[in-house]
Structure formats: C-alpha cells, structure tokens
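A quick write-up on the structure given underneath.
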Amino acid sequence: MRYNRFILVLIDYAIVSIFYWIFSGSIPASILLPIVIFIALFSFRSYEKEHLSDFNESLVRAFVSLIFGNLINYVLLRLIYLSLMETPGRVRLTGLVLHTIFTAPSLTLINFFLFKALKKNVAPARFAVVGKKEEFEQLFKEIEQKSEDYCFVDYISDEEHLKRLNSDLSGIVIADYEIFQSLKHKLANNHLQLIFLPHIAETVLKRIPLILIDKFNGYYETSFNKILETVLKRILDIVLSTILLVLTSPAMLFVSLAIYLEDGRPIIYRQKRVGKNGEEFEFIKFRSLKQEGFDPKDPGRNIEQRLLKIGKFIRKYRLDELPQLWLVLKGTMSLVGPRPEMVEYHLKYCKQIPYYDYRLKVKPGLTGWAQIMYKYASNLEETKVKLQYDLYYVKNCSFLLDLKIIMQTLETVLWRRGAR
C-alpha cells in the first residue's frame with residue numbers, strides 16, 4: 001500500500017474529533033473545530049515525509065499546530081459559536097487545553113508508526129521520458145529523491161527508442177515538446193498515460209526549474225501573462241496589516257528606542273527597491289546595522305561586523321521587517337509575494353538570469369514562497385534557485401496559497417529557517 005497523505009488525514013480527523021467530543025460533549029464542535037486544526041497541521045508541514053519520519057520533530061510540530069489551532073478555535077467560539085448555540089460554554093478553554101495535551105502525542109504516535117508501515121515495500125511507478133537524457137537526468141534524479149512515487153527508467157528521443165519500451169510502464173512523461181510532436185502519432189497507440197513534465201516538476205519540487213521555461217516557453221509565457229491579483233488578496237492585505245500594526249506597535253516602539261539608544265538616528269533604513277512591473281519605491285525597515293563602515297557600492301559588505309546588538313535580535317525574529325506593514329496597508333507591497341530587490345541587484349540579475357523579471361508580475365511581499373522554502377541566497381547560483389520558487393508562486397498565486405505562506409512564515413520564524 002503506497003503512502004497516501006489522505007489516509008493519515010482521515011485517521012487524524014477521527015482522533016481530533018473524538019477528543020473534542022470527549023472534552024466538550026458537543027457533536028457540532030467535534031465536527032467543525034478540527035477544520036482549523038488541520039489548517040494549522042498543514043501550515044506547519046506536519047504531513048511532510050521528512051517530518052513524519054522523525055518522531056521528535058513530528059511531536060513538536062503537532063503540539064505547535066494544536067496550540068495555535070485551539071487558540072484560534074477559542075477566539076472563534078467566543079465570537080461566533082457561543083452567541084449562536086443554545087448551550088453556550090460547552091467548549092471551554094480548559095477543554096481546549098486538555099484537548100491539546102492529549103491529542104498531540106496521540107496524533108504523533110499513530111502518524112509515526114502508520115507512516116512507517118505504509119511506506120514499506122512500495123515500488124514507485126515506472127515512467128519513460130520523451131526527451132534527451134543529458135538534458136534532464138539531473139532534474140529527474142531530484143524528483144525521484146523528493147518523491148517515492150516516480151521512477152524514470154528510459155528516455156525516448158526517436159522512434160527506435162519507442163519500439164524498445166518496457167511493458168511494465170505506468171506512463172510517459174513529456175519533457176521535450178518538439179520530440180513529442182514528432183512522435184505523437186506513435187505514442188497514441190501505446191495507450192499509456194501521458195504527463196507533461198511541468199505538472200510533475202511543480203507538484204514535487206514546488207518550484208519551476210528554468211529549463212522547463214526554456215522547453216515549454218509558450219505554456220509559461222501564457223501563464224505569466226495572465227497573472228491578476230485579486231480583490232480578495234487586497235482585502236487580506238488591508239485586514240491583516242491593520243491588525244498586525246496595532247498588535248506589534250509596542251514591539252516597534254521598543255525596537256525604535258533600542259536602536260536610538262545604541263546608535264542614534266536614523267531609526268528607519270530607507271532604500272530604493274523594485275516593485276510590481278518594475279516600478280521603484282522606497283523600501284523601509286528598522287535599521288539593524290551600524291552606519292559606520294557602510295559602502296553604498298556594496299551594501300552587503302561587512303554585515304556581521306556592522307550588526308547592532310539589537311540588530312541581531314530583530315533580524316533573528318524578523319522584527320526589522322515590521323515597518324513594511326505600512327507599505328502593505330498603502331498598497332505598495334503585499335503580505336505575500338517575491339521579496340523586493342535593490343535596484344542595482346535587480347538590474348544585474350536581469351542580465352545574468354533568464355526570466356528574472358517575471359517575478360515582477362505581482363507586488364513584492366513581506367514574506368513569500370521563496371523565503372519559507374529556501375535559504376538566504378548569497379551568490380548567483382543560489383539566487384537562480386530562489387527565483388524558481390518565486391516563479392512558482394507567481395504562476396500559482398491564490399488566496400489559499402497566501403494563507404498557507406502566512407502560516408508557514410510563523411513556522412519559519414519558530415524553526416529559524418531562511419533568515420540572515
């Protein structure tokens with residue numbers, strides 16, 4: 001039996017619901033409250049294979065998910081549930097605390113052992129590839145490493161290769177559209193499932209390798225040219241940035257005073273950066289570096305030596321980014337999107353990296369897919385990889401993906417990944 005996340009989710013939903021019923025006695029609560037818990041579980045990546053295979057990691061993520069999920073449920077109950085039901089108070093804070101304490105270890109134990117059982121003796125599906133081995137071998141090896149569902153056993157570049165196909169194939173992956181067009185009439189007679197590489201690569205890797213845009217240029221040109229930011233995204237930006245500005249105002253006051261006492265003015269660091277459609281704007285953040293030793297030709301030089309004492313703390317927990325909430329409220333930035341690049345670096349990368357300007361199809365963001373999925377890029381090759389995650393977001397941006405990224409940003413801060 002192949003590992004299927006859906007199986008774990010169904011079992012976990014039953015467990016979460018049963019514990020809600022035990023501690024509340026409310027059937028409606030046991031049906032509806034788990035929804036928020038599962039949003040948190042997915043946001044904190046509790047069902048990722050690498051986390052399920054590590055018991056301690058899985059336990060920590062389950063507890064964090066349950067804590068945040070039940071806090072949100074408590075607020076929802078106070079605002080909605082208690083005012084509508086005939087039996088208010090059936091689900092209380094004490095019940096939610098007990099629910100967290102008992103449910104988190106129960107989910108971890110079941111998921112850990114069930115995951116081990118499901119992935120035993122499972123052979124991946126075997127696929128042939130329409131394309132040249134020397135062009136795609138590394139990409140397919142990465143897909144195999146990150147997914148146990150695929151095994152790529154042969155490469156087809158002409159009709160002779162097509163005649164020698166094994167009979168145990170699950171399907172054929174189209175990696176080169178030109179070769180596919182020349183063999184299309186022959187492939188139709190094989191009655192095998194045909195899958196285009198962009199679908200597999202984006203699903204497994206959660207990024208768009210640049211070679212895919214080269215090979216499927218027409219498809220990606222069309223996809224990137226029809227990107228539209230929705231009204232729902234703007235509403236989310238306004239509501240959340242307003243709430244966060246209010247909630248974080250004491251922290252911003254503390255940071256401002258700490259910077260002033262340690263190194264004087266200015267408190268806010270201002271810089272020209274590139275936004276949507278290439279328009280420049282004034283980017284702001286709390287200053288975390290000493291003014292002494294600043295080189296305008298190379299702003300990234302001597303960062304560690306110039307770091308303020310308070311600067312190390314605010315960078316670690318990303319408090320230096322808080323002033324950008326004002327830019328989100330104004331509409332210059334969004335909560336979620338590619339990080340805005342300095343003008344000099346943007347111009348340099350546009351010359352050195354193909355498709356770099358595609359990331360400007362949406363507003364720059366306070367956080368983004370690349371920020372939570374990849375480390376800080378310190379050289380050209382890492383910048384190329386990070387761009388691939390940005391392009392995945394631009395192509396697949398949606399309200400639900402934004403919510404996921406916002407939740408996982410919290411996970412990134414808690415597990416201290418990706419920041420410098």
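Data table
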item	result
Lone qualifier among 222, 203, 242 - being out of contact with any helix residue (DSSP H, G or I) (no Cβ under 7 Å at 6 or more places or on another chain) and either more than 30 Å from residue 124 (Cα to Cα) or open to solvent by less than 60 Å² (accessible area, probe 1.4 Å) (or both)	222
Every residue from the stretch 255-266 that is in contact with a Leu (Cβ under 9 Å, 6 or more places away or on another chain) and open to solvent by 30 Å² or more (accessible area, probe 1.4 Å)	262, 263
Residue check, residue 347 within 22 Å of residue 228 (Cα to Cα), assigned to a helix (DSSP H, G or I) and open to solvent by 40 Å² or more (accessible area, probe 1.4 Å)	no
Where a residue in the stretch 73-97 is over 13 Å from residue 30 (Cβ atoms) and modelled with pLDDT under 60 and its partner, wherever it lies, is among the basic types (Lys, Arg) and open to solvent by 70 Å² or more (accessible area, probe 1.4 Å), with Cβ under 6 Å and at least six apart	none
The stretch 123-167, residues that are among the aromatic types (Phe, Trp, Tyr), open to solvent by 20 Å² or more (accessible area, probe 1.4 Å) and more than 27 Å from the chain's Cα centre (by Cα)	155
Hits in the stretch 1-49 - residues which are farther than 21 Å from residue 101 by Cβ, in contact (Cβ under 8 Å) with a residue 12 or more places away in the chain and outside any helix (DSSP H, G or I)	1, 2, 3, 4, 45, 47
Whichever residue in the stretch 377-420 is under 27 Å from residue 330 (Cα atoms) and aromatic (Phe, Trp, Tyr) and, among such residues, is modelled with the lowest pLDDT	399
Single unsatisfied condition, residue 245 versus (1) within 14 Å of residue 328 (Cα to Cα); (2) out of contact with any Phe, Trp or Tyr (no Cβ under 9 Å at 6 or more places or on another chain); (3) not basic (Lys, Arg)	(2)
One residue from 39, 22 being open to solvent by 20 Å² or more (accessible area, probe 1.4 Å), under 19 Å from residue 401 (Cβ atoms) and not polar (S, T, N, Q)	39
Looking only at the stretch 378-413, and only at residues there that are hydroxyl-bearing (Ser, Thr, Tyr) and open to solvent by 40 Å² or more (accessible area, probe 1.4 Å), the one that is nearest to the chain's Cα centre (by Cα)	398
Residue within the stretch 52-72 that is more than 30 Å from the chain's Cα centre (by Cα) and at pLDDT 80 or above present	no
Condition broken by residue 357, with the remaining ones in (1) open to solvent by 30 Å² or more (accessible area, probe 1.4 Å); (2) assigned to a helix (DSSP H, G or I); (3) without any contact (Cβ under 8 Å) to a residue 60 or more places away in the chain satisfied	(3)
Sole exception among (1) buried (at least 18 other Cβ atoms within 10 Å of the Cβ); (2) closer than 27 Å to residue 210 by Cβ for residue 193, by number	(1)
Pairs where the first residue, in the stretch 171-198, is under 18 Å from residue 143 (Cβ atoms) and outside any strand (DSSP E or B) and the second is open to solvent by less than 10 Å² (accessible area, probe 1.4 Å) and not aliphatic (A, V, I, L, M), C-beta under 6 Å, 6+ apart	175/131; 175/136; 176/131
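Let's see how each residue does on (1) in a helix (DSSP H, G or I); (2) farther than 19 Å from residue 335 by Cα; (3) within 21 Å of the chain's Cα centre (by Cα); (4) of a type in the set (Lys, Arg):
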{"residue": "211", "(1), (2), (3), (4)": "yes, yes, no, no"}
{"residue": "222", "(1), (2), (3), (4)": "yes, yes, no, no"}
{"residue": "228", "(1), (2), (3), (4)": "no, no, yes, no"}
{"residue": "234", "(1), (2), (3), (4)": "yes, no, yes, yes"}
{"residue": "241", "(1), (2), (3), (4)": "yes, no, yes, no"}
{"residue": "250", "(1), (2), (3), (4)": "yes, yes, no, no"}
{"residue": "255", "(1), (2), (3), (4)": "yes, yes, no, no"}
{"residue": "259", "(1), (2), (3), (4)": "yes, yes, no, no"}
{"residue": "266", "(1), (2), (3), (4)": "no, yes, no, no"}
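The values are calculated or read from the model by the stated rules, or taken from the named source; none is laboratory data. Keep in mind that what you see is a predicted model, and the values were worked out from it rather than measured. Cβ atoms come from the backbone with ideal geometry, glycine included; neighbour counts cover every protein chain shown. Quick note on the areas: whole protein, heavy atoms, side chains included, nothing else; ligands and nucleic acids left out. Shrake-Rupley method; radii C 1.70, N 1.55, O 1.52, S 1.80 Å.
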